[in-house]
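The values are calculated or read from the model by the stated rules, or taken from the named source; none is laboratory data. Only a predicted model underlies this, so the values are computations on that prediction, with no experimental measurement involved. We place every Cβ from the backbone using ideal geometry, glycine too, and count neighbours over all the protein chains shown.
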Amino acid sequence: MSAEHIIELNGVHKWYGDFHVLKDINITVQKGERIVICGPSGSGKSTTIRCINHLEEHQQGQIIVDGTELTGDLKHIEQIRKEVGMVFQHFNLFPHLTILENLTLAPIWVKNVAKAEAEAIAMKYLERVKIPEQADKYPGQLSGGQQQRVAIARSLCMNPKVMLFDEPTSALDPEMISEVLDVMVELAEDGMTMICVTHEMGFAKKVANRVIFMDEGEIVEENEPNEFFNNPQNERTQLFLSQIIQH
Amino acid sequence: MPVNHKKSPSLPPPASEVGIVVWVKKNLFSTYANGVMSLAAIVLILLLLPPLLDWAFFSATWSGSNRADCNEDGACWIFIANRIDQVFYGFYPAELHWRPNLAGLLLIGLTIPLFIKSFHYKNWLGAFILIIYPFIAYFLIHGGSFGLEVVSTTKWGGLMLTLILSAVGIVASLPLGILLALGRRSKMPMFKSVCVVYIEFWRGIPLITVLFMASVMLPLFFPEGSDFDKLLRALIGITLFQSAYMAEVVRGGLQAIPKGQYEASEALGLNYPKSMGLIILPQALKLVIPGIVNTFIALFKDTTLVLIIGLFDLLAIINLALTDSEWLGFDDEGYVFAAFVFWVFCFAMSRYSIALEAKLHTGHKR
Ligand SMILES: Nc1ncnc2c1ncn2[C@@H]1O[C@H](COP(=O)(O)OP(=O)(O)OP(=O)(O)O)[C@@H](O)[C@H]1O
Ligand SMILES: [Mg+2]
């Protein structure tokens, strides 16, 4: 175990009842690395990354985030959630709060940051995702792409060491996908450690250090993007790639 | 060939879209069936409203001192006016009426700033009203300290008692209901079963039984001679009963909140109380404002049942007045007046709930 490993999954298994969703998942992520996870629907991609911040509980194996092992211990879970930000497919902004309040809520209530300071930080990140002028609106008044950028900014306000993305663009209209991907590319260029579940292969080629392909709860193939796309080894990977490239 | 497209100017709506005649045509007589129903409604209104208005206002007697002054054709409001003190305060001593009055005025005075936009300490004031004010009101109305003469709760009555019963019931049953709703959704099996049993028990019995048990059975469990205030017993009964209903209303709201909201707040590191208090409950409660107010209104009217355990709320006072040998036969006036007072309060609650919903609407679609 090296200190450079910010995330480690060692032999992680998970079951839903009798259904074996995750089978012996091993992933190590170095600081600053960008990992893309892809695979067919139902293959366990979401479940895998949701185990990392304990939205789902794994039943076997070890998950270590920045030196803290995830057990049932609430202290550890809280600790890890402070360091891991997550962006969801459906944004999950808080509809009863303004954009600014969405961004300042966690810093104020989880990290005890003073309100004025939290607002300054929030505005900084809103500028970074290029929508500072929307600060006083409610989520329901924003387009999908804008909402997703707010969601990214909301996670960044907690100053996480790792960002998890679960299909951040798949609920968006085509013309809004690039505005979100642009923000993610910038984030990657700034050195953020990222794990993205996505089928945006252009994004994967551009920023990923490694691509992980999952199928039926297993990691089938793992490679750096060029090799992965041009020279897939496993036939399941080949089939999957041929299917998504046809579209 | 390029087409040079000019922006179209906004035009006023066509004349046929505005005006009273158009409105009537469009809304009341748009179809044959609609027309028939509109006509029927108009006939019904014309048939019922004039005699009612005549009885209640135009031919009614408003001043005088005894039944000889009453006009035969209309309502005789002297009957109510003569007893207005009892209607408002029950048997509370007349020279001490300033005490409940002061408590009432204080409450109104404290509530006004809550509606002023630029007032910044709403949370503190709200907490003061909910936590400190009840004690002030109790000391004022009940007395017993600061040199105030004690007025025992058996003398409380009328509208004052109705308002006290419903205000305490409302203020206490909402938080209790929220806790029960959260408990019923909890993952801890023991806690959950306690809440389920509680809710199903209280929902399964009529309020009248609850009050009856509170007044007749409860004393059996206490040592002889110990006097457990009757009003307090009624208050506890009403609160426990209504909190079960409230719990189910709130649970409905909790269930309507998408899972993503829970997950997002968890992922941001909010613990259970914070995520409930800041994210889930504000949305859930807003969603069920109509249901909550519905329960409040039901509670307000249910307080009339305390008459069976010998408390004299507004309705009981009216009932009592009707048995006065000097004023026999004024049932219409008595009950219409009681109904009117109840309706005013219920309607106010209903309007307030609509205003609140509009105010809290933040443009998100559901
Ligand atoms: N709460 C649950 N209970 C039972 N089964 C579940 C639950 N959540 C997910 N599953 C199942 O686990 C499997 C993996 O789900 P997961 O959401 O991780 O897939 P995914 O790879 O993210 O798919 P998608 O691309 O559709 O998002 C699926 O077969 C799904 O039906
Ligand atoms: Mg998924």
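Looking at B:VAL151, is it touching a residue at least 12 places away in the same chain (Cβ under 8 Å), touching a Leu at 6+ places or on another chain (Cβ under 8 Å) and not in a helix (DSSP H, G or I)? Yes, satisfied.
For region A:123-159, the tally of residues that are part of a helix (DSSP H, G or I) and within 13 Å of another protein chain (Cβ to nearest Cβ) stands at 14.
For region B:59-80, what are the residues that are part of a helix (DSSP H, G or I), surrounded by 12 or more Cβ atoms within 10 Å (Cβ to Cβ) and out of contact with any Ser or Thr (no Cβ under 7 Å at 6 or more places or on another chain)? If the condition is that a residue be part of a helix (DSSP H, G or I), surrounded by 12 or more Cβ atoms within 10 Å (Cβ to Cβ) and out of contact with any Ser or Thr (no Cβ under 7 Å at 6 or more places or on another chain), then B:ARG67, B:PHE79, B:ILE80 are the ones that fit.
The rows are residues; the columns are (1) of a type outside the set (Phe, Trp, Tyr); (2) at pLDDT below 95.
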residue	(1), (2)
A:ILE131	yes, yes
A:GLN134	yes, yes
A:TYR138	no, yes
A:GLN146	yes, yes
A:ASN159	yes, yes
A:LEU164	yes, no
A:THR169	yes, yes
A:PRO174	yes, yes
A:GLU179	yes, yes
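Report whether or not A:MET194 is touching a residue at least 40 places away in the same chain (Cβ under 8 Å), within 19 Å of A:THR48 (Cβ to Cβ), more than 16 Å from ligand 1 (Cβ to nearest atom) and not acidic (Asp, Glu).
yes
Where residues in region A:12-48 are of a type in the set (Phe, Trp, Tyr) and away from ligand 2 (no atom under 15 Å from the Cβ), which of them is farthest from A:VAL65 (Cα to Cα)? Explain how you work it out, then say what you get.
From region A:12-48, those of a type in the set (Phe, Trp, Tyr) are A:15-16, A:19; that's our starting set.
This time we only want the ones that are away from ligand 2 (no atom under 15 Å from the Cβ), so: A:15, A:19.
Details: A:TRP15: 21, A:PHE19: 26 Å.
That would be A:PHE19.
So in region A:85-99, with the set limited to residues that are within 16 Å of ligand 1 (Cβ to nearest atom) and more than 7 Å from chain B (Cβ to nearest Cβ), which one is surrounded by the fewest Cβ atoms within 10 Å (Cβ to Cβ)?
Our first condition is that a residue be within 16 Å of ligand 1 (Cβ to nearest atom); within region A:85-99, this holds for A:86-92.
In the following step, the residues that additionally are more than 7 Å from chain B (Cβ to nearest Cβ) were identified as A:87, A:89, A:91.
Details: A:VAL87: 26, A:GLN89: 17, A:PHE91: 23.
By that ranking, first place goes to A:GLN89.
List the helices (runs of 4 or more DSSP H) inside region B:266-366, counting only whole elements, that have at least 2 residues being away from chain A (no Cβ under 14 Å). Steps first, answer last, please.
Details: elements: B:281-287, B:289-302, B:314-322, B:331-360.
Hits in region B:266-366: B:289-302, B:314-322, B:331-360.
Scan region B:139-170 for residues that are in contact with a strand residue (DSSP E or B) (Cβ under 7 Å, 6 or more places away or on another chain) and of a type in the set (S, T, N, Q) and jot them down. The answer is B:THR162, and nothing else. Look at A:ASP73 and say whether it is surrounded by fewer than 23 Cβ atoms within 10 Å (Cβ to Cβ), within 16 Å of ligand 1 (Cβ to nearest atom) and either over 18 Å from A:SER155 (Cα atoms) or within 14 Å of chain B (Cβ to nearest Cβ) (or both). No: the conditions fail for A:ASP73.
Among the residues of region A:41-55, some residue qualifies, meaning at least one is more than 11 Å from ligand 1 (Cβ to nearest atom), more than 24 Å from A:ASN223 (Cβ to Cβ) and either of a type in the set (S, T, N, Q) or assigned to a strand (DSSP E or B) (or both).
What number of residues in region B:184-199 are free of Cβ contacts under 8 Å to residues at least 24 places away in the same chain and either loosely packed, with under 11 Cβ neighbours inside 10 Å or assigned to a helix (DSSP H, G or I) (or both)? Lay out the reasoning, then the answer.
If we filter region B:184-199 for residues that are free of Cβ contacts under 8 Å to residues at least 24 places away in the same chain, which is where we start, we get B:186-194, B:196-197.
In the following step, the residues that additionally are either loosely packed, with under 11 Cβ neighbours inside 10 Å or assigned to a helix (DSSP H, G or I) (or both) were identified as B:187-194, B:196-197.
Residues flagged as free of Cβ contacts under 8 Å to residues at least 24 places away in the same chain and either loosely packed, with under 11 Cβ neighbours inside 10 Å or assigned to a helix (DSSP H, G or I) (or both) within region B:184-199 amount to 10.
Look at A:VAL110 and say whether it is among the hydrophobic types (A, V, I, L, M, F, W, C), away from ligand 2 (no atom under 16 Å from the Cβ), under 20 Å from A:MET192 (Cβ atoms) and in contact (Cβ under 8 Å) with a residue 40 or more places away in the chain.
Numbers: among the hydrophobic types (A, V, I, L, M, F, W, C): yes; away from ligand 2 (no atom under 16 Å from the Cβ): yes; under 20 Å from A:MET192 (Cβ atoms): yes; in contact (Cβ under 8 Å) with a residue 40 or more places away in the chain: yes.
Against the criterion (among the hydrophobic types (A, V, I, L, M, F, W, C), away from ligand 2 (no atom under 16 Å from the Cβ), under 20 Å from A:MET192 (Cβ atoms) and in contact (Cβ under 8 Å) with a residue 40 or more places away in the chain), A:VAL110 qualifies.
Here B:ARG83 clears all of (1) buried (at least 18 other Cβ atoms within 10 Å of the Cβ); (2) over 28 Å from B:ALA284 (Cα atoms); (3) under 19 Å from the mean Cα position of the chain (by Cα) except the condition numbered (3).
Here is the figure for region B:238-263: residues that are among the aliphatic types (A, V, I, L, M) and outside any helix (DSSP H, G or I) total 1.
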